[in-house]
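Some notes on the structure that comes next.
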Amino acid sequence: MLGYITIGAKDPETSGRFYDAVFDAIGDERKFADGGWIGYGPKGKDEHNVYVCPPFDKQPASFGNGMMIAFKTDAKEKVDAAHKAGLSHGGSDEGAPGFRPPEKQSWYGAYLRDPTGNKIAVYYVP
């Protein structure tokens with residue numbers, strides 16, 4: 001159902017380093033950077049569907065309270081790697097990797113905030 005996602009950034013270079021690290025950990029990559037816009041998509045494919053950029057209305061970027069974007073991956077280890085990569089590239093922790101709820105083994109995820117404050121999740125369903 002989703003066509004693409006645009007994530008507002010106060011500083012595209014700083015946010016770009018964060019998303020470069022997170023997406024690399026889950027098998028995606030930067031496809032382009034042009035005029036403050038950075039596009040991401042799956043490695044080895046000529047497509048991009050996540051964009052990081054300043055807001056079109058030229059107002060300061062801010063995060064949406066209650067909004068979160070979740071990125072699905074195919075391995076628990078990639079969730080761990082993405083969380084670690086995000087923290088080491090300007091992100092902040094919003095929930096360490098683990099099963100949720102802890103007593104179930106059906107959904108494994110981690111939560112981060114990017115340098116602008118946008119909340120993201122990276123998850124794996126065994």
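The values are calculated or read from the model by the stated rules, or taken from the named source; none is laboratory data. The model shown is predicted, which means the values in this text are computed figures rather than measured ones. Neighbour counts run over all protein chains shown; Cβ positions are idealised from the backbone, glycine included.
Applying the selection to region 95-126, what residues are over 15 Å from residue 26 (Cα atoms) and under 13 Å from the mean Cα position of the chain (by Cα)? Within region 95-126, 113, 114, 115, 116, 117, 118, 119 qualify.
Selection of region 37-73 for residues being polar (S, T, N, Q) and over 19 Å from residue 120 (Cα atoms) yields only 59. Contact map, region 78-107: residues that are within 11 Å of residue 121 (Cβ to Cβ) and modelled with pLDDT under 95 paired with residues that are small (Gly, Ala, Ser) and surrounded by 16 or more Cβ atoms within 10 Å (Cβ to Cβ), Cβ distance under 8 Å, separation 6+ or inter-chain. Pairs shown: 100/109. Restricted to strands (runs of 3 or more DSSP E) entirely inside region 1-55, those with at least 1 residues that are aliphatic (A, V, I, L, M) and touching a residue at least 40 places away in the same chain (Cβ under 8 Å) are 5-8, 50-53. The set of residues from region 79-126 being assigned to a loop (DSSP other than H, G, I, E, B) and under 19 Å from residue 8 (Cβ atoms) comprises 89, 90, 91, 114, 115, 116, 117, 118.
The residue that is surrounded by the most Cβ atoms within 10 Å (Cβ to Cβ), among those in region 30-67 that are aliphatic (A, V, I, L, M) and modelled with pLDDT under 95, is 61. Given the structure, is residue 13 in contact with a helix residue (DSSP H, G or I) (Cβ under 9 Å, 6 or more places away or on another chain) and not hydrophobic (A, V, I, L, M, F, W, C)? So residue 13 does not fit the description; no.
I'd like the residue in region 65-77 that is part of a loop (DSSP other than H, G, I, E, B) and touching a residue at least 12 places away in the same chain (Cβ under 8 Å) and, out of all such residues, is farthest from residue 43 (Cα to Cα).
67
Working only within region 7-23, note down all residues that are among the acidic types (Asp, Glu) and out of contact with any strand residue (DSSP E or B) (no Cβ under 8 Å at 6 or more places or on another chain).
Initial filter on region 7-23 (among the acidic types (Asp, Glu)): 11, 13, 20.
Scanning region 7-23 gives 11, 13.
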